[in-house]
Amino acid sequence: MKWYVFRNQTVEPLFDASLTAFSGYDEVSVIPTEHAGYIWFYQVPVKCDASLLAQEIDSIATKLRYVSTHIANKPFVILTMVNLFPMKFTTGDHLVEAAIHRFNSTALELAQSSRMVKVVDFQEFTSMFSAEQLVNWKYYFISQSLLSPKIAKPFKQWWKRIEEELWACRKKCLVLDLDHTLWGGVLGEEGIEGIKIGGDYPGNAFLWWQQALLQLKHHGVILAVCSKNNAADVEEAWQKHPFLVLRRDDFSAFRINWTDKATNIRELAQELNIGLDSMVLVDDNPTEREWVKQMLPEVEVPDFPEHPYDLPAFARQLVDRYFRIYELTDDDRHKAAQYQANAQRNAEQSRFTDFEDFLRSLEMEITVEEASAFNMARLAQLTQKTNQFNLTTRRYSEAELRAMIAQGAMVYGMRVADKFGDYGITGVMIVEPESEDKAKVDSLLLSCRVLGKGIEHAFVSYVLRLLAQHGFREISASYLPTRKNAQVKDFWQTFGGEPISQTEAGSHYRIRLNQNFEIKTYYKIHSTNGK
C-alpha cells in the first residue's frame, strides 16, 4: 500500500483501493509502519450543537498532533478542514469557524516544524461544487459517507494533480507567442506605440497577464518566445516600450522568424535540451495551435481566451494544470538563469573546432556532495523528474532517501558550475552496500541540461574511486529500459561492466574497482561532506 488514510468518515470511494489503506473511524491508537506515506482526512463532524462541535474539532487537532509525533521520516499530508454542511441557529455564533481555524493553524504549524508534513487546501477542491453536489445525506446515513460518491472521479483527478505537485512533477517550459498573446495588437503593423499593454482595457489585462508570467519565471518555469515577427522590431519593443513587464532577459530562448512553429519548437527543445513533452505552447492563433497539435502531439497546447478580460482565469488554469508544485527548491529559483547561461555555452561552442578545447575553455567544476538536510529535497526531486539519463528510473521521496541512508546507503549529489554560471545539483548516484567489499548501484541519473560534456563520466568515475577507497572491490549495476532512457543502454559497459544477465527487462553488470577510472584534466572535481 502506498498511502494510509486517517479519517472520521467514509472516504474509500475517493481513493485508489489498490494504493490506499484506511484507519477505523476516529482511530489513531494504531499507526501501521509499512506504508510509504500518510494522509490526514478528517472533516467537520455532523452535529447540531455548535459548542459540542467546536470541542470535537479541538479534540481532532489534539489527535493530529499525537499522530504527527509518531510518524517519522515519511510523508504526512494533511487536508485542511472544511465545513461541508454549515448549520447556524444564530448568525453571530462563530464557535465552529474559530475551531476550524485553530485546527488548520495546527496543521500549518506542524508543516513549518517538519519538511515531511505537507498541508493541502481541501477547500480548493470543495469550492468547485455547490453544497448540494458535495453532500449526499442518503449515503451519509447509510454508510457514513458525507461526501457524495458522485464527486469521486473529480476528486481522484484533483488528488492525482496534488500528488504530482508534492513530487514536483510539472512541465518545464512555457513557449509564448507575442502579437495578441503577450500584448494586444500586431507590433509589425501598429508599431511600439500602438500595441496594447498598460493603461486602460485591454492594455491593463495584458499588463496583469505579463506580471503573472513573470511570477512563473520566478517560480522556476522556463519562458521562451516563438513568434512570426521581425526580430528587430521585437528587440526595439523590449528596449523602448515603458510598460512591458517581460523583457528580453526574462526569456531563455527565442525563435522570432517566419518559420513554421512546429519546426521552431523542435529547435527550442533541442537548444534548451528538454523533451517536447516538457513544453506548453500559448498562442492566440487557432490555426497555429492546431498545426503544433498535429505535428508535435507531445506538446501541450491549451486554447487561448478570446477576450483579454479572461486572461486571469486562463493564467490560473495554466498554473493549476501544468506548472504548480508544492514548494520550490533553490535550483527551481535559479532555473531561468541556468538555461540562459546554457545558451551562452552553446554560442561559445560555435567558436571552437576542437570539442576538447571547448570543454577546456568552460573551466568546469564538479562538486560531489553527500546527501544532507540542505540538499535532500533537490535530490528527491531529481529522482522524481529525471527520465532520459536515468539508468533505473526509480522514484524516491525525501523520506525514502532518508530511510535508505539510515540502512547504510550512500547518496551522492553532483553540483556543476562553469565560467558561465552554476547548473546547481544536477546528478544523483545511490549506492547500497551488500557486503564488506561489494556494493550495488541502486540509481544513477543526471539532468539532461548537463549532458553532452562528459560530465556524467567524470562524476561516476569519481564516485567509483571513492568506493574503492572505502574498501569496496566490485559493484553491481543495472540498466532498466523505459520509453525514454535508451541513450544510456550501454553506459555501464564504458566502465568495464561485465554482463551478468541481459533480457528485455534489463541488463545487469559487474564492475571491478581495481582499475583506473580516468577523469579528464579539464574537470576540476572534489567532494564535500554535506552533513
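Just to be sure I understand, how many residues within the stretch 114-128 are open to solvent by 20 Å² or more (accessible area, probe 1.4 Å), in contact (Cβ under 8 Å) with a residue 24 or more places away in the chain, assigned to a loop (DSSP other than H, G, I, E, B) and not aliphatic (A, V, I, L, M)?
Qualifying residue count, the stretch 114-128: 3.
With the condition being in contact with a strand residue (DSSP E or B) (Cβ under 8 Å, 6 or more places away or on another chain), buried (at least 20 other Cβ atoms within 10 Å of the Cβ) and at pLDDT below 90, I'd like the helices (runs of 4 or more DSSP H) fully within the stretch 331-408 carrying at least 1 qualifying residues.
Those helices (runs of 4 or more DSSP H) span 335-349, 398-406.
Residues to consider are 169, 173; find the one that is surrounded by fewer than 16 Cβ atoms within 10 Å (Cβ to Cβ) and either closer than 30 Å to residue 77 by Cβ or in contact (Cβ under 8 Å) with a residue 40 or more places away in the chain (or both).
169
Scan the stretch 209-248 for residues that are of a type outside the set (Lys, Arg), closer than 22 Å to residue 171 by Cβ and part of a helix (DSSP H, G or I) and report the count.
9
Give the residues of the stretch 473-531 that are touching a residue at least 24 places away in the same chain (Cβ under 8 Å) and β-branched (Val, Ile, Thr), sorted by residue number.
475, 482, 488, 494, 500, 511, 519, 525, 528
Taking the stated definitions as given, is residue 107 of a type in the set (A, V, I, L, M), modelled with pLDDT of 95 or more and either over 16 Å from residue 7 (Cβ atoms) or assigned to a loop (DSSP other than H, G, I, E, B) (or both)?
Considered against the rule, which asks whether it is of a type in the set (A, V, I, L, M), modelled with pLDDT of 95 or more and either over 16 Å from residue 7 (Cβ atoms) or assigned to a loop (DSSP other than H, G, I, E, B) (or both), residue 107 comes out as no.
Can you name the residue in the stretch 134-163 that is at pLDDT 95 or above and among the charged types (D, E, K, R) and is also surrounded by the most Cβ atoms within 10 Å (Cβ to Cβ) among such residues?
156
Residues in the stretch 25-47: is at least one in contact with a helix residue (DSSP H, G or I) (Cβ under 7 Å, 6 or more places away or on another chain), part of a loop (DSSP other than H, G, I, E, B), without any contact (Cβ under 8 Å) to a residue 12 or more places away in the chain and more than 29 Å from residue 403 (Cα to Cα)?
Within the stretch 25-47 (the criterion being in contact with a helix residue (DSSP H, G or I) (Cβ under 7 Å, 6 or more places away or on another chain), part of a loop (DSSP other than H, G, I, E, B), without any contact (Cβ under 8 Å) to a residue 12 or more places away in the chain and more than 29 Å from residue 403 (Cα to Cα)), the answer is yes, since at least one residue qualifies.
Can you tell me which residue in the stretch 179-197 is farthest from residue 308 (Cα to Cα), limited to those that are of a type in the set (Gly, Ala, Ser) and crowded, with 16+ Cβ neighbours inside 10 Å?
So, considering only residues that are of a type in the set (Gly, Ala, Ser) and crowded, with 16+ Cβ neighbours inside 10 Å, the one farthest from residue 308 (Cα to Cα) is 185.
Under 6 Å between Cβ atoms, which residue pairs at least 6 apart in sequence (or on different chains) link something in the stretch 354-370 that is at positive phi with a partner that is open to solvent by less than 70 Å² (accessible area, probe 1.4 Å) and not aliphatic (A, V, I, L, M)?
Listed by first residue and then by second, the contacts come to 363/418.
Any residue at all in the stretch 161-168 that is outside any loop (DSSP other than H, G, I, E, B), under 25 Å from the mean Cα position of the chain (by Cα) and under 21 Å from residue 10 (Cβ atoms)?
Checking the stretch 161-168: at least one residue is outside any loop (DSSP other than H, G, I, E, B), under 25 Å from the mean Cα position of the chain (by Cα) and under 21 Å from residue 10 (Cβ atoms).
Is there any pair with a first residue in the stretch 99-113 that is without any contact (Cβ under 8 Å) to a residue 40 or more places away in the chain and a second that is surrounded by 13 or more Cβ atoms within 10 Å (Cβ to Cβ) whose Cβ atoms are under 7 Å apart and which are 6 or more apart or on different chains, and what are they?
These pairs meet every condition: 104/80; 104/81; 108/119; 111/117; 111/118; 111/119.
Okay, residues lined up against (1) in contact with a helix residue (DSSP H, G or I) (Cβ under 8 Å, 6 or more places away or on another chain); (2) of a type in the set (Gly, Ala, Ser):
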position	(1), (2)
324	yes, no
330	yes, no
335	no, no
372	no, yes
385	no, no
390	yes, no
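Give 519, 475 a once-over and let me know the one that is on the phi < 0 side of the Ramachandran plot and open to solvent by 20 Å² or more (accessible area, probe 1.4 Å).
Matching residue, one of 519, 475: 519.
Restricting the search to the stretch 53-93, which residues are free of Cβ contacts under 8 Å to residues at least 12 places away in the same chain and under 21 Å from residue 124 (Cβ atoms)?
Listed by number, the list holds a single entry, 86.
Taking the residues in the stretch 278-308 that are part of a helix (DSSP H, G or I) and touching a residue at least 60 places away in the same chain (Cβ under 8 Å) as candidates, determine which candidate is nearest to residue 201 (Cα to Cα).
308
I'd like to check something: does the stretch 453-470 contain any residue that is at pLDDT below 95 and on the phi > 0 side of the Ramachandran plot?
yes
For the stretch 65-89, give me each residue that is at negative phi, surrounded by fewer than 20 Cβ atoms within 10 Å (Cβ to Cβ) and either touching a Lys or Arg at 6+ places or on another chain (Cβ under 7 Å) or part of a helix (DSSP H, G or I) (or both).
65, 66, 67, 69
Residue check, residue 246 against (1) in contact with a strand residue (DSSP E or B) (Cβ under 8 Å, 6 or more places away or on another chain); (2) over 19 Å from residue 198 (Cβ atoms); (3) open to solvent by less than 20 Å² (accessible area, probe 1.4 Å), all met but one. Which one?
(2)
Give the number of residues within the stretch 435-473 that are under 16 Å from residue 492 (Cα atoms) and not aliphatic (A, V, I, L, M).
10
Suppose we keep only residues that are surrounded by fewer than 22 Cβ atoms within 10 Å (Cβ to Cβ) and touching a strand residue (DSSP E or B) at 6+ places or on another chain (Cβ under 9 Å) within the stretch 426-440. Which one would you say is nearest to residue 377 (Cα to Cα)?
Here the residue is 432.
The values are calculated or read from the model by the stated rules, or taken from the named source; none is laboratory data. Computed from a predicted model, the values in this text were never measured in an experiment. A quick note on method: Cβ atoms are made from the backbone with ideal geometry, for glycine too, and the neighbour counts reach across all protein chains shown. To get the accessible areas, we keep the full protein, side chains included, count just its heavy atoms, and leave off ligands, DNA and RNA. Shrake-Rupley method; radii C 1.70, N 1.55, O 1.52, S 1.80 Å.
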